[in-house]
Amino acid sequence: MALYFNITCKLSIHWIVFLDEHEYNRYIIKNLVFSFDKLFMDEVIFISDGIYSVISEVQLRDILQTLQAYTNIPICLIGTDGRRILHFGEETGFCQLLKKSAFTDSACLSLQVKAGLRAKELGEAYIFSCLGNLNHIAFPLIYQEELLGTVILGPFLMDAPDSTLVSEVAETHRLSPTRSLELYDELGGLQIVTPPRVQLLKKLLDYLLSPLIPAERIMLMQSQEKAFQQSKINETIQRYKEQSEPTSSEYFYKKEKQLLTRVRTGNVQEVKALLNDLLGYVLFSQGGSLESVRIRSIELTTLLSRVAIDGGAQAELISDLSNKLLPAMFHEPDLDSLCLRLQEMVESFMKAMFQEQDKGNLSIRRALRYMADHYSEKLELNDVAEYVQLSPSYFSTLFHQVVGISFREQLSRIRVEESKLLLLSTDYPLAEIAVSVGFPDQSYYCKVFKRIVGLTPRKFRG
């Protein structure tokens, strides 16, 4: 006699047939329990992966699998806890040998988690070297400023196999000559991706993975950005209220000049902070008037459009952006929307300027931002090359090709622009200004300033 059991669960409905034979029944029951436990655990794992509540698992699997098949480079998705959620492509023989004799799989995953956090800080894909000196790309999957998981593409080489890759690892972990030779042989099985192609791979990951977050999620993020901006503006207004002495209109124009100068450096976060300071001042001095902010926004749009064109952006593109954004400023119904629209305009102009300047090269863009943040230090080409994970010689060549001038000349221009603010807003001696912006002495500073600006610092200060 046959017995039928209808088992219902979240994922599916199973019909199991038990026959009368005692031993066979026990076999079926054992496998039934195993199958049900596995089904239940799979569901628990699915729920624990918060990434799938935001990103489609089917789409993510398909993209990663396609990328692996096309590049022939292993690719995986790891959670923030270091657990490998998805994996496509066979583990390289090089990695298998290293895990037998040098370090564990958990050590590799720990490094990949750190790379994901670094990529989150940068807001873009991050190239890094693993414990075995092999190259990888970490792409952060971010939602509401939180890291959901990291896509790791690698390992791969950027050049022909080099024995120094093995010798360093062998010396650190005291590997035998035989194992070292085995490792070197396995290097031949790794894909070689030249530095220009690595940059293209980074862009490809961004194009494929960024759109996976649904449009309504992006709208929510925009709403949060608006709330964050208003909180910063309110902080600025409160600061002005607490000042014992009133702030003159001259203060606004100094801040405005500072904003225009910072736009040229490409530091978006600093520009947004200055913009919120300006908006807070306007609202404070004009009693929260919507029309006052609207007028100032239109004036600032005109000034920024000129800065963007002077910075290398295409005049036609800036004109199109202005034609789209200016009418929107006239019709924004409230202060929150108008302030966010102005911030969008500033970011759009900066994007247009720097995309033209670096032709979309993210490594050079990162380098320019780093230079803008560290210009006052003793900054050398090797320091910035190391920061963007490129060799000094390749970085120097790429920088000149993209920016159009040498690394040293660009650094000098940044320092001169920063010194202009100090010349106009302080009475500091020239020697002090020179050192504060990174020049070794006043004489060299004055020489560079005159070459770039056409005037001496004293004449510029008036």
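Just so it is clear, none of the values below were taken in a lab; they were calculated from the coordinates. Predicted model, so just to flag it, every value in this text is computed and none were measured. For neighbour counting, all protein chains shown are included, and Cβ atoms are generated from backbone atoms with ideal geometry for every residue, glycine included.
Here are some notes:
- Cα gyration tensor category, rounded, prolate or oblate, for the range 246-358 with a/c compared to 1.5: oblate
- With neighbour counts taken as other beta-carbon atoms within 10 Å, the residues L275, L338 rank, fewest first, as L338, L275.
- Projected area averaged over orientations for the range 56-212, convex hull of C-alpha atoms, nm²: 8.7 nm²
- Computed over the range 246-358: relative contact order in percent, which uses C-alpha pairs under 8 Å that are six or more apart: 30 percent
- The length gained on full extension between K257 and D206, counted as 0.36 nm times the residue separation minus their Cα-Cα distance, comes to 14.9 nm.
- Stretching D383 away from S129 to a fully extended chain increases their span by 89.7 nm, per 0.36 nm per residue minus the current alpha-carbon distance.
- Positive minus negative residues near L109 (Lys, Arg vs Asp, Glu; Cβ under 14 Å): +1
- Computed FRET value (nearest 0.05) for Q243 with L455, which takes r as the C-beta separation and R₀ as 51 Å: 0.90
- Stretch gain in nm, segment R84-T194, where the contour uses 0.36 nm per residue and the Cα spacing is subtracted: 36.9 nm
- Gyration tensor (Cα) of the range 363-461, equivalent ellipsoid semi-axes in angstrom: 27, 13, 11
- A Cβ-based charge dipole, computed about the Cα centre of the range 56-212 with Lys and Arg at +1 and Asp and Glu at -1, lands at about 100 debye.
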